[in-house]
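What follows draws every value from the coordinates through simple rules; no lab data is involved. Predicted, not measured: the structure shown is a model, and the values here were computed from it. Virtual Cβ from ideal backbone geometry, glycine too; neighbours counted across all protein chains shown.
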């Protein structure tokens, strides 16, 4: 038996709510209620990033994804960084004159903190990878908002290490 994804469950719940607000009060297919699904849902906005401009606070709302979620693109506010922390350049990388970009997938929670960060593409220098992880955990964001409600979002973050 295949269990439907949470995105499909929420889309179905949104459609039910539009047709009959009372119909969405019951349990969903997985046994949870719609309220539980809303709070547990994480919106994946990684694919919304433009490859030439990968920063999530500069990305545009993907119109197809918004339609699939049952909202208009103008009802979605993307995360915006409110506190930046410059990464500390590890001594081993400085001595070896290593530089590069570390790419991470992170969850931005409704309170604006980054959680569950994982390196997607790291540097050859493990110290740079560790510095990038430590750095993004200190970054703060205005969270993703859908119809004014803060939501958790899975996004791709970039930490650039360059020598002058």
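What does the highest-first list of 153-160, 93-100 look like by mean Cβ count within 10 Å? Don't jump to the answer; show the numbers that get you there.
Working: 153-160: 19.6, 93-100: 13.9.
Result, highest mean Cβ count within 10 Å first: 153-160, 93-100.
Between residue 160 and residue 96, what length in nm is gained on full extension when 0.36 nm per residue of separation is reduced by their alpha carbon distance?
Working: separation 64, 0.36 × 64 = 23.04 nm, distance 1.64 nm.
So the extension gain works out to 21.4 nm.
Report the Stokes-Einstein translational diffusion coefficient (µm² s⁻¹, integer) for region 58-98, Rh taken as the Kirkwood radius over Cα pairs, at 20 °C with viscosity 1.002 mPa s. Please list the in-between numbers first.
Values: Rh = 13.7 Å.
My calculation gives 156 µm²/s for D.
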Length released on extending from residue 105 to residue 64, taking residue separation times 0.36 nm less the Cα-Cα span: 12.6 nm
Value of D in µm² per second that Stokes-Einstein yields for region 42-161, Kirkwood Rh from Cα pairs, at 4 °C (1.567 mPa s): 87
